[in-house]
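The structure under discussion appears below in the form of structure tokens.
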Amino acid sequence: MTQRKLLCLVIFLLVLAGLAEAAQDTRAKNIAAVFMKHNPKLNAKTADKYAGIVIEAANKYKQDPYVIGAIIVHESTVNNKAVSKGGDYGLMQVRWKVHEKAIKKEYPKVRTANDMFDARTNIFFGTEIFAYCASKTTTTEGALMRYSAGSTKLTNKVLATVKELQAMDKKASPAKTKHKTTKKLK
């Protein structure tokens, strides 16, 4: 490969990396905004922190961060201390009784169910569970049905929030401008 081609390739990759980073920043801002909309008690710093963790976890497990963010909105109303009657904990409502052994194996510092209130641990493990559910089906809807133990209501709410987030993307992207044709001067 010639030096010129190599230089062009490097520049191209840097541009792509910049675009990808900008897209992730936009997605994180959108997720944080939706978090604060659904939990008005949540401050911007915490919403940004949670959104950043969502982006990281989604990247690690190759999932759509908007789906993960929407799960958090509807599972816990973005309440890090949420506990369900069935023993689901934290932002993604991870069921401790079902996943305790796997959680302790993957996160040795986690010893009790209360440790699932750690946002990073909860979002990463919840995203891993969702990724497993997604690997067993071909659709996001199917993965959500598995994640939510067959709750159509929750699945529909999550999908609606994903659409809301996608619409925010469209509003944030620069409008396509039409190029004016100029007349040739004689």
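The values are calculated or read from the model by the stated rules, or taken from the named source; none is laboratory data. Just so you know, these numbers come straight off a predicted model, no measurement behind them. Counting neighbours? That spans all protein chains shown, and the Cβs are built from the backbone with ideal geometry, glycine included. To get the accessible areas, we keep the full protein, side chains included, count just its heavy atoms, and leave off ligands, DNA and RNA. Shrake-Rupley method; radii C 1.70, N 1.55, O 1.52, S 1.80 Å.
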Whole-percent carbon and sulfur share, accessible surface of the stretch 28-186, 1.4 Å:
54 percent
Alpha-carbon centroids, the stretch 64-79 and the stretch 83-149: separation in whole Å
12 Å
So what is the accessible area of the stretch 25-100 per residue, in Å², with the probe set to 1.4 Å?
48 Å²
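Taking the stretch 37-131, which trypsin sites (Lys or Arg not before Pro) meet the DSSP loop condition and have no more than 13 other C-beta atoms within 10 Å?
On the way: sites: 37, 41, 45, 49, 60, 62, 81, 85, 95, 97, 101, 104, 105, 109, 111, 120; in loops: 41, 62, 81, 85, 109, 111.
Those satisfying the criteria are 41, 62, 81, 85, 109, 111.
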Low-density loop cleavage sites - chymotrypsin sites (Phe, Trp or Tyr not before Pro) in the stretch 69-154, where at most 16 other Cβ are within 10 Å (DSSP):
none
